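See below for the structure under consideration.
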Amino acid sequence: MKPEIEIYDTTLRDGSQGEGINFSVADKLRIAEKIDAFGIPYIEGGWPGSNPKDVEFFEQAKHKKFKHARLAAFGSTRRKGVPVEEDEQVRLLLAAETPVITLVAKTWLLHVKEVLRTTPDENLAMISDTVRFLKDQGKFVIYDAEHCFDGYQDNPEYALATWQAAENAGADIVTLCDTNGGRLPGEISEITKVARNKLTVKIGIHTHNDIGLGVANALAAIEVGATHLQGTINGYGERTGNCNLTSVIPILALKLKKSCVPESSLAKLTELSQFVDEIANMRHDSRQPWVGSTAFAHKGGIHVNAVQKLAQSYEHIDPSVVGNRRTVLISDLAGRSNVVMKAQELGFKITSDTPELKTILERVKELEHQGYEFEAAEASLAVLIRKILKHRDLPFDVNAYHVSMRRNGHTSMCEATIKVQVGHEAAHTVAEGDGPINALDSALRAALIKFYPQLEKVRLTDYKVRILDSGTGTAARTRVLIISGDGKTEWGTVGVSENIIEASLQALVDSMEYALTRH
Ligand SMILES: [Zn+2]
């Protein structure tokens, strides 16, 4: 079924402009997979004309099969005075080989004159030439009208002429962008109405959150007929960010009753938000509407049962609808069913009647309390569940390890030794590395490969460290998130300790164990 409102995710492009966000190619691919699985129909992967990392992303994305999403490459119109077929940036856009191309162009005469330094007519020609050229190449073209609302207020005739140039050249969607993010909902709806009446093409909306109205402004456009909405997970983006998809999606679905993502996805919204925060290495915003950890927190002090009854009268929705939970209820049913759902997803035959469920739940809560997060480390969760269910003997045990570092002149070198037990046999290996984790990873791998040659293909693809707040006044804990891959799939594992090497080893061991025991 076609959704009434099409969601377009630009976390990987506009979102990556946010301060402190620096996605690797592997990060981008993992986020794209997650957003695809969530059921968002468009994913903008990046701007191939702006940096080699995005070129590399599209190169790798060519081999991925997405279930719901069509991938979009972002770029701008041809340069002034250059034939479109000779424009290098447009060539790179095509080389991304995406089904969708999103093209940004100027609406505001001020920008045409002062930034592009060209004539109003040449700007219109740049728009129509580029849109037509891409349509001729069989692309689905989304036209992003930059500074659209500012431009319209400055000169309505010219703004309209730019949108019409895109429509007449065959653009599939004309997206109105509040690039500076300073407009009010009334202004957005008024100008969107004009576009709706003057154009026949589908209208999109792209808003920024500079005055805290990113979501409100997008909704203002939706209410007067825009049917395509661009935003980012957790509202990432330059300055104060973009329209937050983790807010706007549940508003569309639950408050406005407009379909936008598969109904079953809504319960995974909180998980999606936390997953993207983890990969981006951003601190989770606990006060974020819908998905924040305190979004449904109630102060305790009353008997838990009473709170449970009362809580509903203090909540605008049932938190489990968006996969969140009421925080006063530590051992609530939602937590239980979440774990069942997750375990089933990971391939375990488990129901709410499985006797070990209670132990699993307690262990997960205990670990989360210590600082573990499983949203981006599902492989660690799978290893944990397997241990409690005692499905199989553990494939190996790490009996002992030692890591040392020495400096010789200008070069430093780390060395790790590790003792591993597999059944009745033991292996003792030594490896060197540029850093302690690298040495430890090599030593562990060398020890295990003798018993499990299939681990040869397993590679550590990413490594992230987060220092956790220490409320107790003792040494700060470190959480390590490791992403491993075997060329076909990738998985995440987590470790937490006051000692970064110990935390890393936990995550490494989980990764190897998962590689050996997964379904
Ligand atoms: Zn933007």
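The values are calculated or read from the model by the stated rules, or taken from the named source; none is laboratory data. The shown structure was predicted, so the numbers you read here are calculated from the model rather than taken from an experiment. As a convention, Cβ positions derive from the backbone with ideal geometry for all residues, glycine included, and neighbour counts pool all protein chains shown. SASA here: full protein model, heavy atoms, side chains in, ligands and nucleic acids out. Shrake-Rupley method; radii C 1.70, N 1.55, O 1.52, S 1.80 Å.
Scanning region 127-146 for residues that are open to solvent by 10 Å² or more (accessible area, probe 1.4 Å) and under 29 Å from the mean Cα position of the chain (by Cα) turns up GLY138, LYS139, PHE140, GLU146. Across region 135-182, the number of residues qualifying as hydroxyl-bearing (Ser, Thr, Tyr) and farther than 20 Å from ASP121 by Cβ comes to 2. Counting only residues that are without any contact (Cβ under 8 Å) to a residue 60 or more places away in the chain and buried (at least 23 other Cβ atoms within 10 Å of the Cβ), which one in region 236-247 is nearest to the ligand (Cβ to nearest atom)? Looking at residues that are without any contact (Cβ under 8 Å) to a residue 60 or more places away in the chain and buried (at least 23 other Cβ atoms within 10 Å of the Cβ), I get CYS243.
Going through (1) within 16 Å of the ligand (Cβ to nearest atom); (2) open to solvent by less than 50 Å² (accessible area, probe 1.4 Å) one by one, LEU252 falls short only on (1).
Note on region 110-126: residues that are open to solvent by less than 50 Å² (accessible area, probe 1.4 Å) and outside any helix (DSSP H, G or I) amount to 1.
Scanning region 156-181 for residues that are of a type in the set (Asp, Glu) and out of contact with any strand residue (DSSP E or B) (no Cβ under 7 Å at 6 or more places or on another chain) turns up just one, GLU157.
A quick yes/no check of all residues on (1) over 26 Å from MET1 (Cβ atoms); (2) over 19 Å from the mean Cα position of the chain (by Cα):
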{"site": "LEU199", "(1), (2)": "no, yes"}
{"site": "LEU252", "(1), (2)": "no, yes"}
{"site": "LEU256", "(1), (2)": "no, yes"}
{"site": "LEU266", "(1), (2)": "no, no"}
{"site": "ASP277", "(1), (2)": "yes, no"}
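Scanning region 156-188 for residues that are among the polar types (S, T, N, Q) and open to solvent by less than 40 Å² (accessible area, probe 1.4 Å) returns THR162, THR175, THR179.
Scanning region 203-223 for any residue that is open to solvent by 10 Å² or more (accessible area, probe 1.4 Å), among the β-branched types (Val, Ile, Thr) and at pLDDT 95 or above turns up at least one such residue.
Being within 16 Å of the ligand (Cβ to nearest atom) and either more than 23 Å from TYR143 (Cβ to Cβ) or of a type in the set (Lys, Arg) (or both) is true of ILE233. Of the helices (runs of 4 or more DSSP H) that lie entirely inside region 131-211, those containing 1 or more residues that are small (Gly, Ala, Ser) and away from the ligand (no atom under 16 Å from the Cβ) span 156-168, 185-198.
Is it the case that LYS258 is open to solvent by 40 Å² or more (accessible area, probe 1.4 Å) and touching a strand residue (DSSP E or B) at 6+ places or on another chain (Cβ under 7 Å)?
When the stated conditions are applied, LYS258 does not pass them.
Working only within region 92-117, note down all residues that are in contact with a helix residue (DSSP H, G or I) (Cβ under 6 Å, 6 or more places away or on another chain) and among the polar types (S, T, N, Q). Of everything in region 92-117, just one residue is in contact with a helix residue (DSSP H, G or I) (Cβ under 6 Å, 6 or more places away or on another chain) and among the polar types (S, T, N, Q), namely THR107. Within region 212-230, being within 16 Å of the ligand (Cβ to nearest atom) and part of a helix (DSSP H, G or I) holds for GLY214, VAL215, ASN217, ALA218, ALA221. Of all residues in region 204-224, those that are more than 15 Å from GLY15 (Cβ to Cβ) have Cβ atoms under 8 Å from Cβ atoms of residues that are open to solvent by less than 10 Å² (accessible area, probe 1.4 Å) and acidic (Asp, Glu), 6 or more apart or on another chain, in GLY204/ASP144; ASN217/ASP178. Could you check how many residues of region 1-30 are β-branched (Val, Ile, Thr), open to solvent by less than 10 Å² (accessible area, probe 1.4 Å) and touching a helix residue (DSSP H, G or I) at 6+ places or on another chain (Cβ under 6 Å)? Selection size over region 1-30: 2. For region 189-202, a residue qualifies if it is within 25 Å of ALA169 (Cα to Cα) and open to solvent by less than 40 Å² (accessible area, probe 1.4 Å), and the qualifying residues are ILE191, THR192, VAL194, ALA195, LEU199, VAL201.
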